[in-house]
Amino acid sequence: MTINQRHFLAFIRYALMGGDYPHGLLTESSWKEQQAIAKRQTVSGIFFNALSKLPPALRPPQQILMKLYSYVVYYENMNKMLNERTCEIFDIYHKLGFHPVLLKGQGAATLYKNPGLRVFGDIDIYVPDGGQKLMDWVKQNADDIKEDPRRSHILAFSWQGATIENHLCLLKFYNKRLFANMQSIVADELNPDADPAFVTINGQQIETLPPTLGLLYLIVHFSRHLISSGVGVRQLCDITLHIHHFHQRIDTESIERWFDKLEMRRMANAVAAACVKYLGLPDSEVPYDYKADEWGNKADELMQIIMDGGNSGYWQMLGKRQNIFHRAKLYLKQQFRIYPYMPHEVATEIWLKLIHRFK
């Protein structure tokens, strides 16, 4: 990992968990590189938050701060709008008789010291009981329906300035056995007798996943994106803060059993090690045995994969600028790096990609 990448991660750790700020004077080119890293990793708001707390002598040039601040204003305005849409769509779904559950996104933002600085995304909602009634409402009210045959488990649409992603199943594994195991876990944990969990958005109680299932969801979601399209430091920040806020409420026995059932133990260990080493999560708060001595080096390896790819994946960012064979080479290189953590899921992903490409 480069010096600038390490320095950048030190700023993110400082913004998330406090402590001592990173010392040292940086050149203008170093500041520009770190600004670009923050954008690629979708943490520009958190990066600005760290820089704004530095002593004046250690801050970057004014033009860099102003550029970051322009992002912050945009993020704050968009997060305000998305919070309003979240409350509105939940009211609508409840009136339609659905049982919606908010996933990550605006719910994860409530864990941040400055929620408006988290780079926004879609409004993700788990709606297992939507069915045809939900589809009929979407057809009548959506500004645009986003159809993707490879994501049949998601009904996505644009609505009043926001993108809503309705998850008809909580998480999609491409490996059929792992997917069946995930479905079994969800059915057990989100049964009608289970105690619900809530976050407060604009003074309204919005149901979200219980802390233990929520941690599983964040780690599996992180892993799926790492395989399929690349993932940014933002998702690792979400996991860090989720553990920090809820570690006393997370059921260790359940989470470890689920990791084994989903073949996620290696990935979960590496994620925990990275959160502790790079983002400042106290080791004592990790709610499962991640074998710190054994997985310390894996934290470096995982973080390097994240830093190399960024939020959209380096093979995807090339777009049409490179031919299909070069993009395929980069894609396979990424899969081979991730394979040791989730071998069966990665192998299934590659196989299905080949089938889709030939079709």
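List of remarks:
- Relative contact order of the chain: 16 percent, from C-alpha pairs under 8 Å at least 6 residues apart in sequence.
- Stokes-Einstein translational diffusion, the chain - Kirkwood Rh over all Cα pairs, 0.890 mPa s, 25 °C, in µm²/s: 115
- DSSP beta bridges confined to the range 64-212 are antiparallel in about 75 percent of cases.
- Charge dipole magnitude, Cβ of K and R +1, D and E -1 - the chain, Cα centre, debye nearest 20: 1560
- For the range 120-192 and the range 69-91, distance of Cα centres in Å: 21
- Magnitude of the charge dipole, the range 150-286, Cβ model with Lys/Arg +1 and Asp/Glu -1, debye to 20: 740
- Its DSSP H runs of at least 4 residues, each contributing -39,500 (n - 2.57), put the calculated 222 nm mean residue ellipticity of the chain at -19000 deg cm²/dmol, to the nearest 500.
- Approximating the spin labels as points 7 Å out from Cα along Cα→Cβ, the residue 249-to-residue 145 distance works out to 3.6 nm.
- Accessible surface calculations at 1.4 Å, restricted to protein heavy atoms, place the range 206-347 at 40 Å² per residue.
- From most to least packed by mean Cβ count within 10 Å, the peptides 182-193, 46-57 give 46-57, 182-193.
- Rolling a 1.4 Å probe over the protein heavy atoms gives the range 1-44 an accessible area of 48 Å² per residue.
- Protection proxy ranking, peptides 124-134, 107-117, 267-277, average beta carbon neighbours within 10 Å, highest first: 267-277, 107-117, 124-134
- Per-peptide average of other Cβ atoms within 10 Å, ordering 200-208, 213-221 highest first: 213-221, 200-208
- Each Lys and Arg contributes +1 and each Asp and Glu -1, all at the Cβ; summed about the Cα centre of the range 59-107, the dipole is approximately 220 debye.
- Fraction of antiparallel bridges per DSSP, the chain only, in percent to nearest 5: 75
- Accessible carbon and sulfur surface of the chain relative to its total accessible area, %, 1.4 Å: 52
- Sequence-distant residues sharing a close amide H with residue 159 (under 5 Å, placed H): 143, 164
The values are calculated or read from the model by the stated rules, or taken from the named source; none is laboratory data. Values in this document were obtained by computation on a predicted structure and should not be read as measured data. Neighbour counts run over all protein chains shown; Cβ positions are idealised from the backbone, glycine included. Heads up: the accessible areas ignore ligands, DNA and RNA and are worked out on the full protein's heavy atoms, side chains in. Shrake-Rupley method; radii C 1.70, N 1.55, O 1.52, S 1.80 Å.
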